[in-house]
């Protein structure tokens, strides 16, 4: 922990206490600057009074809850965080379908099953965004139970997708060029939305020192890893399709 901002903000407090305080504060949507303020004030008290954090402030989770109750929580906009990744996923799928049709010299047949799968994906994201705030606390405190529930939900979702893809009734037939263009546009839109979310601070809320908001904060990557992953999947998928079709 010595190289982290938390250690620089609270060098005179027990690392375990600080980590538990930060975890509980994050789960309660306490902004990074408020966490930094609280840690700085608590550390000054512990240093001046010669007390441990446990003795001075009690249970770290309870203290974090007290800090959170002092001001209304700034709820995380999960939909805005999740939506760009979903848009990128759709862009990857559409683009690779276009690449596959180009390699085969054929058009792309969009079935009712594929359309229903995309609708199901969007509904799942909306549902996840609505429950994730409450679910995070359970995930952290009961990881085994959460893993079992998540695995069951994933199995149900995979079964639903497989069943929908069995519906092969054509909805529309599109030229591969149009599908490729639409896929690239969707992928670019998802990447742009993710960049916009990062610039707005929705995807980056660092713990900062009072009066020194960004200098000591860990800065986000200029290009999000999800966007890099999407581009990598397109490149790898296109290469595999080209090899399999002798292009």
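The values are calculated or read from the model by the stated rules, or taken from the named source; none is laboratory data. What you see is a predicted model; the values in this text were computed from it and never measured. Positions of Cβ are generated from backbone atoms using ideal geometry, with glycine treated the same way; all protein chains shown enter the neighbour counts.
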Q. Scanning for something closer than 20 Å to residue 81 by Cβ, at pLDDT below 80 and in a helix (DSSP H, G or I), does segment 228-241 turn up at least one residue?
A. no
Q) Does segment 76-93 contain any residue that is over 18 Å from the mean Cα position of the chain (by Cα), surrounded by 16 or more Cβ atoms within 10 Å (Cβ to Cβ) and more than 20 Å from residue 229 (Cβ to Cβ)? A) no
(Q) When you scan segment 205-215, do you find a residue that is farther than 13 Å from residue 81 by Cα, modelled with pLDDT of 90 or more, surrounded by 16 or more Cβ atoms within 10 Å (Cβ to Cβ) and not assigned by TED's automatic domain parsing to the domain that holds residue 33, even just one? (A) no
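Is it the case that segment 166-175 has a residue that's assigned to a helix (DSSP H, G or I) and assigned by TED's automatic domain parsing to the domain that holds residue 95?
Within segment 166-175, none of the residues are assigned to a helix (DSSP H, G or I) and assigned by TED's automatic domain parsing to the domain that holds residue 95.
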Q. Is there a residue being surrounded by fewer than 19 Cβ atoms within 10 Å (Cβ to Cβ) and within 21 Å of residue 162 (Cα to Cα) anywhere in segment 95-109?
A. yes
Q | Residues of segment 144-171 satisfying the condition of being loosely packed, with under 11 Cβ neighbours inside 10 Å and touching a residue at least 60 places away in the same chain (Cβ under 8 Å) | A | 170
Q: Could you identify the single residue in 36, 58 that is touching a strand residue (DSSP E or B) at 6+ places or on another chain (Cβ under 8 Å), at pLDDT 85 or above and not assigned by TED's automatic domain parsing to the domain that holds residue 136?
A: 36
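Among the residues of segment 75-98, are any touching a strand residue (DSSP E or B) at 6+ places or on another chain (Cβ under 6 Å) and either assigned to a helix (DSSP H, G or I) or modelled with pLDDT of 90 or more (or both)?
yes
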Q.
Against the definition (farther than 30 Å from residue 166 by Cα and touching a residue at least 24 places away in the same chain (Cβ under 8 Å)), how does residue 141 come out, yes or no?
A. no
**Q.** Filter result for residue 184 (assigned to a helix (DSSP H, G or I), over 29 Å from residue 25 (Cα atoms), in contact with a helix residue (DSSP H, G or I) (Cβ under 9 Å, 6 or more places away or on another chain) and at pLDDT 80 or above)
**A.** yes
(Q) Looking at (1) farther than 21 Å from residue 225 by Cβ; (2) out of contact with any helix residue (DSSP H, G or I) (no Cβ under 6 Å at 6 or more places or on another chain); (3) assigned to a helix (DSSP H, G or I), which one does residue 198 not meet, given that it meets all the others? (A) (1)
Q: Only one of these is in contact (Cβ under 8 Å) with a residue 40 or more places away in the chain and out of contact with any helix residue (DSSP H, G or I) (no Cβ under 8 Å at 6 or more places or on another chain): 106, 77, 133. Name it.
A: 77
Q.
Considering only residues that are more than 14 Å from residue 106 (Cα to Cα) and under 32 Å from the mean Cα position of the chain (by Cα), which ones fall in segment 160-183?
A. 160, 161, 162, 163, 164, 165, 166, 167, 181, 182, 183
